[in-house]
Amino acid sequence: MVMRRDSLLADSIMKKSGQLPGAILPGKRIVAFYGNIRSKGMGILGREPKEQMFRKFEKVLAEWRAADPSRGVQAALHNVTITAQGTAGKDGKWRLMNSKATIEEVISWAKEHNCILFLDVQPGHSTLAAELPKLEPYLKDPIVHLGIDPEFSLSTMPGVRPNQKIGTLDAKDINFTVSFLARIVSENKLPPKVLTVHRFTRKMVSNYKNIKLDPRVQIVMHMDGHGDPTLKKDSYQHYIVNEPVQYTGFKLFYEYDARPKPHHIMTPAEVIALKPSPLYIQYQ
């Protein structure tokens with residue numbers, strides 16, 4: 001009943017103002033560095049020493065501000081916090097969560113540099129219902145948001161190890177996540193949370209038409225594929241634009257997009273020109 005009451009209140013505010021107070025999208029474009037601060041191999045976040053990485057990040061943010069002066073830029077860190085593993089672990093779930101100290105450290109990095117923070121979940125053979133409650137204490141912080149990665153969601157694929165096959169999430173899993181975040185927003189009187197959902201194949205997300213929107217949660221369907229610009233644009237069209245949910249995102253890979261030559265990492269202007277123009281940008 002509380003959830004329904006708060007949802008109706010949020011809907012009424014949305015009808016009057018267009019969005020809930022404190023909503024990031026669509027007023028700003030989020031630009032994020034992705035990885036894990038304890039790993040050099042997962043992305044730019046963690047690959048380079050902290051201060052060197054942030055100097056690089058500031059240059060990237062400046063490029064985006066210059067490319068689209070009409071829209072503000074919200075800096076973000078995107079830390080893979082529950083990570084699919086190459087071994088099953090004691091409970092056979094093939095995933096491992098960062099320590100409390102690591103999560104608190106990356107939150108402090110974000111606050112030091114005026115960033116928001118995404119905690120990303122690769123559930124392995126566990127489920128979002130089992131894993132997300134572990135992150136609730138951190139999600140009560142207004143700067144902390146959430147990402148979920150169907151690629152490493154394998155609970156419907158017995159015997160499949162991470163990286164053997166691409167996993168999947170259904171609309172019901174995404175709806176569970178939206179309700180989970182919406183409750184946290186209501187109970188703690190927070191601004192809307194942003195939820196990113198990684199996607200680069202059709203089967204990664206099933207029954208997209210059944211995904212339910214809630215004004216307390218802003219859903220970004222995030223094109224997570226690497227390759228040359230033509231391939232990336234095609235993937236964006238086929239798996240994000242053609243199966244719309246709410247907002248769109250686009251990933252750029254420092255290590256993979258520019259190889260082989262003459263391929264290149266797409267520029268802010270090239271990404272902005274996509275239709276619809278992505279409002280969440282991630283660098284790995």
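The values are calculated or read from the model by the stated rules, or taken from the named source; none is laboratory data. All figures in this text were calculated on a predicted structure; none of them were measured in a lab. Because the Cβ atoms are built from the backbone with ideal geometry, glycine has one as well, and the counts that use them run over all protein chains shown. What goes into the accessible areas is simple: the full protein's heavy atoms, side chains included, and nothing from ligands, DNA or RNA. Shrake-Rupley method; radii C 1.70, N 1.55, O 1.52, S 1.80 Å.
Summary table below
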read-out	value
Cross-link reach list, aspartates and glutamates versus residue 40, counting only Cα pairs under 14 Å and skipping chain neighbours closer than eight places	48, 255
Cross-link reach list, aspartates and glutamates versus residue 90, counting only Cα pairs under 20 Å and skipping chain neighbours closer than eight places	131
Added length on full extension, which subtracts the Cα-Cα distance from 0.36 nm per residue, residue 157 to residue 261	33.8 nm
Surface share of carbon and sulfur [accessible, 1.4 angstrom probe, percent] for the chain	55
Whether the chain is rounded, prolate or oblate, judged on the alpha carbon gyration tensor where a/c under 1.5 counts as rounded	rounded
Å² per residue, accessible surface of the chain at 1.4 Å	45
Per-residue SASA entry for residue 201, accessible area with 1.4 Å probe, Å² rounded to 10	40
Packing-based ranking, highest mean first, of 212-221, 246-255, 62-71 given that Cβ atoms within 10 Å are counted	212-221, 246-255, 62-71
Beta bridges per DSSP with both ends in the range 43-183, % antiparallel, nearest 5	20
Distance violations [Cα-Cα > 22 Å] among 189/209; 50/100; 203/232; 134/172	189/209
